[in-house]
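The values are calculated or read from the model by the stated rules, or taken from the named source; none is laboratory data. What you see is a predicted model, and the numbers here were worked out from it, not measured in a lab. Quick reminder, even Gly has a Cβ in these numbers, built from the backbone with ideal geometry, and neighbours come from all protein chains shown. Just so you know, the surface numbers come from the protein's heavy atoms only, side chains and all, with ligands and any DNA or RNA stripped out. Shrake-Rupley method; radii C 1.70, N 1.55, O 1.52, S 1.80 Å.
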Amino acid sequence: MPRPEIRQKLASAGLIVLFFVGWEVFCVVSGMSDLILPRPSQVFVTLVQRLPVLWPHIVQTLVTTMIGFILGVALGILLGALIGVSKTAYDTVYPLLIGFSSIPKVAVVPIFVLWFGSGTVPAVLTALAICFFPIVVNIATGLATTEPELEDVLKALGASKFDILWNVGLPRTMPFFFASLKVAITYAFVGTVLAETVASNRGIGNVMMSASSNFNVPLLFAGLFILAALGVALYVAFSLIEARVTGWATRRNDLAAAA
Amino acid sequence: MHFVMMHAPLTAIEAETAARSRAAAIAVELSAAAVTFGQGERAVAALQATELRIPDGEFVALVGPSGCGKSTILKLAAGLVRPSAGVVVVGGREVAAKALRIGMAFQNPTMLPWLTIEQNVMLPLKIVEPYRSQFRRQRKASFRDKAHALLAQVGLTGFATRYPWQLSGGMLQRANLCRALIHEPRLLLLDEPFGALDQFTREELWSILQDLWLVHRPTVLLVTHDLREAGFLANRICVMSARPGRIIDDSAVAFARPRTIAMTFEPDFVALNQRLRDLITDARRAAPAPSEA
């Protein structure tokens, strides 16, 4: 019998395979028109055939997402640190932030397009706008939850606010921060594709839009597969970084045995 | 002639006199210090006008009913709380943290989970001068030696590179003591440091703390609920009244050092314990409204 973690991974992989096989079988058995739901094998073929044409669009979407994400993270850290450190800033800024974050971001895209024209800029801004909020919240929470006793110990040593922030606040925030990065990168991705769908002539979002208007349904699904793959890849990348940086927050037995 | 004398090198006798006068110096002094939390109608008096003088190098225990303001006195000495009235002088100055190096430990060991035990213990060295400016330079290795020496004194040899979650509560509390002592504080403030430990671990740590005190000789202010702990460790025990607290009894503890756990079962010690118990029982009864919430 394989070890539990391997069994777990086999089960996950098996479910994914089963999903595609089930889909294929369903299409064949039901005789579904490929204008409505193409077979996954069809989609893969389209994907491979069209990859040279799709590649610049993939790069476009990826680069746009990363720029929006990086800007969003920078803004998020800045705002989160400000809010987390000062109770006054927290009380002052929070209502506005909540108001801003509750606006559906689809509604903001036309405004960005009006200001900056269609293309990369509104997509970057949409990605930024949609992804910075979870970072703000998580950084602020991490900073605000420092144990009061430890703060007393350090203050009695003559530590400044910055000393406490640097030695305790920020490291404590790291698990929250990386958890929020995983959410934020996914959000940024959604923002980019959203803006590309509405107003752009490049990117996967745009490809899917034109595929939809041409009834090129396999290409439409190929776009979907690319988005899923990119999303998973980004998520995995940040999970790996997270495990590296904040392994202490997930106290596992294998770590204990290794030490 | 007088002028010349002042600039002459100190003779051995003069040096000893100077050391003795330093030993007699007052580390902590509360003069009519009172603390009220909140304002207006919601103001709560935590501490009545309190007089307390702790000479340099003394080990003082504060006991009393819960919520009587013991911890408030500790926070006054640490400079974490300002007196609403009166004056608090620590190390000859009113602003606490800068005048005197202070070490603090609470019941909760508050080790940082992302640092190893030795890194946790060395944390004060990253903050307090003169260590702070040397930390990134060549001194780091000697700081590690210092941390290891302290950890050895509390019986944590071999645990320096472990993480806090790999240690038991008693071990964490030992590390907590090391963190409070690493920067060689002149004033050690302890708030129920052994409150969450089992009886045997607690008694073991009393002996360790006594040994540390005999070696380093800091001034200690210990807040505790445990009367045996107070009698075992302190040179002097202050008993406080119920909230808003004030000191109702202040007595010396003369048992010879190093003290042993067996000593705590001898008649003299039991009598001291009984007397403290009666004082606190009376203080609780005298409280106007026993609202301990």
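With among the small types (Gly, Ala, Ser) and over 15 Å from A:Glu149 (Cα atoms) as the only criterion, which of B:Gly103, B:Gly79, B:Gly86 stands out?
B:Gly86
One residue is enough: does region A:200-212 have a residue meeting the conditions open to solvent by 40 Å² or more (accessible area, probe 1.4 Å), touching a helix residue (DSSP H, G or I) at 6+ places or on another chain (Cβ under 6 Å) and of a type in the set (A, V, I, L, M)?
Yes - at least one qualifying residue is present in region A:200-212.
Restricting the search to region B:261-285, which residues are among the hydroxyl-bearing types (Ser, Thr, Tyr) and surrounded by 15 or more Cβ atoms within 10 Å (Cβ to Cβ)? Break it down into steps so the answer makes sense when it comes.
First, the residues of region B:261-285 that are among the hydroxyl-bearing types (Ser, Thr, Tyr): B:264, B:281.
If the condition is that a residue be among the hydroxyl-bearing types (Ser, Thr, Tyr) and surrounded by 15 or more Cβ atoms within 10 Å (Cβ to Cβ), then B:Thr264 is the only one that fits.
Just for strands (runs of 3 or more DSSP E) wholly inside region B:31-110: which have at least 2 residues that are more than 14 Å from chain A (Cβ to nearest Cβ)? Explain how you work it out, then say what you get.
Values: elements: B:44-55, B:59-63, B:85-90, B:102-106.
In region B:31-110, the matching strands (runs of 3 or more DSSP E) lie at B:44-55, B:59-63, B:85-90.
Mind checking whether some residue in region B:96-103 is at pLDDT 85 or above and open to solvent by less than 50 Å² (accessible area, probe 1.4 Å)?
Yes, region B:96-103 contains at least one residue that is at pLDDT 85 or above and open to solvent by less than 50 Å² (accessible area, probe 1.4 Å).
Residue check: is A:Leu150 surrounded by fewer than 23 Cβ atoms within 10 Å (Cβ to Cβ), within 14 Å of another protein chain (Cβ to nearest Cβ) and either assigned to a helix (DSSP H, G or I) or at pLDDT below 85 (or both)?
yes
Tally time: how many residues in region B:122-134 are closer than 19 Å to B:Ala105 by Cα and open to solvent by less than 40 Å² (accessible area, probe 1.4 Å)?
Matching residues across region B:122-134 total 6.
State which residue is nearest to B:Leu74 (Cα to Cα) when the search covers only region B:145-170 and only residues that are open to solvent by 30 Å² or more (accessible area, probe 1.4 Å) and either within 14 Å of chain A (Cβ to nearest Cβ) or among the aromatic types (Phe, Trp, Tyr) (or both).
Filtering region B:145-170 for residues that are open to solvent by 30 Å² or more (accessible area, probe 1.4 Å) and either within 14 Å of chain A (Cβ to nearest Cβ) or among the aromatic types (Phe, Trp, Tyr) (or both), the one nearest to B:Leu74 (Cα to Cα) comes out as B:Ser168.
For B:Ser84, all conditions in the list (1) within 19 Å of B:Gln173 (Cα to Cα); (2) touching a residue at least 40 places away in the same chain (Cβ under 8 Å) hold save one; what is the number of the exception?
If we test B:Ser84 against (1) within 19 Å of B:Gln173 (Cα to Cα); (2) touching a residue at least 40 places away in the same chain (Cβ under 8 Å), just (1) comes out false.
For the condition surrounded by 15 or more Cβ atoms within 10 Å (Cβ to Cβ) and modelled with pLDDT under 85, what is the one hit in B:Gly67, B:Gly92?
Unique residue meeting the criteria: B:Gly67.
When residues of region B:224-252 are filtered for being without any contact (Cβ under 8 Å) to a residue 60 or more places away in the chain and in a loop (DSSP other than H, G, I, E, B), how many remain?
Adding up the residues that qualify gives 1.
Across region B:176-215, what is the number of residues that are within 14 Å of chain A (Cβ to nearest Cβ), open to solvent by 20 Å² or more (accessible area, probe 1.4 Å) and within 17 Å of B:Ala152 (Cβ to Cβ)?
Qualifying residue count for the region: 1.
A:Gln49: open to solvent by less than 70 Å² (accessible area, probe 1.4 Å), closer than 23 Å to A:Gly203 by Cα and among the polar types (S, T, N, Q), yes or no?
Numbers: open to solvent by less than 70 Å² (accessible area, probe 1.4 Å): no; closer than 23 Å to A:Gly203 by Cα: yes; among the polar types (S, T, N, Q): yes.
When the stated conditions are applied, A:Gln49 does not pass them.
Scanning region A:168-189 for residues that are away from chain B (no Cβ under 14 Å) and open to solvent by 20 Å² or more (accessible area, probe 1.4 Å), which turns out nearest to the chain's Cα centre (by Cα)?
That would be A:Thr186.
Looking at A:Ile164, A:Ile241, which one is away from chain B (no Cβ under 14 Å), among the β-branched types (Val, Ile, Thr) and assigned to a helix (DSSP H, G or I)?
It is A:Ile241.
Of the residues A:Leu125, A:Leu82, which single one is under 19 Å from A:Thr186 (Cβ atoms), more than 14 Å from chain B (Cβ to nearest Cβ) and in a helix (DSSP H, G or I)?
Criteria check complete, one pass: A:Leu125.
Residues in region B:111-118: is at least one modelled with pLDDT of 90 or more, under 25 Å from B:Glu203 (Cβ atoms) and either away from every other protein chain (no Cβ under 12 Å) or open to solvent by less than 10 Å² (accessible area, probe 1.4 Å) (or both)?
Scanning region B:111-118, I find at least one residue that is modelled with pLDDT of 90 or more, under 25 Å from B:Glu203 (Cβ atoms) and either away from every other protein chain (no Cβ under 12 Å) or open to solvent by less than 10 Å² (accessible area, probe 1.4 Å) (or both), so the answer is yes.
Residues that are among the small types (Gly, Ala, Ser), touching a residue at least 60 places away in the same chain (Cβ under 8 Å) and within 19 Å of B:Gln107 (Cα to Cα): which helices (runs of 4 or more DSSP H) entirely in region B:135-223 hold 3 or more of them?
B:169-181
Conditions tested, residue by residue: (1) modelled with pLDDT under 90; (2) closer than 29 Å to A:Phe162 by Cβ; (3) open to solvent by 60 Å² or more (accessible area, probe 1.4 Å).
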position: A:Thr92; (1), (2), (3): yes, yes, yes
position: A:Pro95; (1), (2), (3): yes, yes, yes
position: A:Ile98; (1), (2), (3): yes, yes, yes
position: A:Ser102; (1), (2), (3): yes, no, yes
position: A:Lys105; (1), (2), (3): yes, no, no
position: A:Val109; (1), (2), (3): yes, no, no
position: A:Ser118; (1), (2), (3): yes, no, yes
position: A:Val124; (1), (2), (3): no, no, no
position: A:Leu143; (1), (2), (3): yes, yes, no
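Listed here are the residues, each with its yes/no results for (1) within 21 Å of A:Ile67 (Cα to Cα); (2) free of Cβ contacts under 8 Å to residues at least 24 places away in the same chain; (3) of a type in the set (Val, Ile, Thr).
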residue	(1), (2), (3)
A:Asn138	yes, no, no
A:Thr141	no, no, yes
A:Leu157	no, yes, no
A:Ile164	no, yes, yes
A:Tyr187	yes, no, no
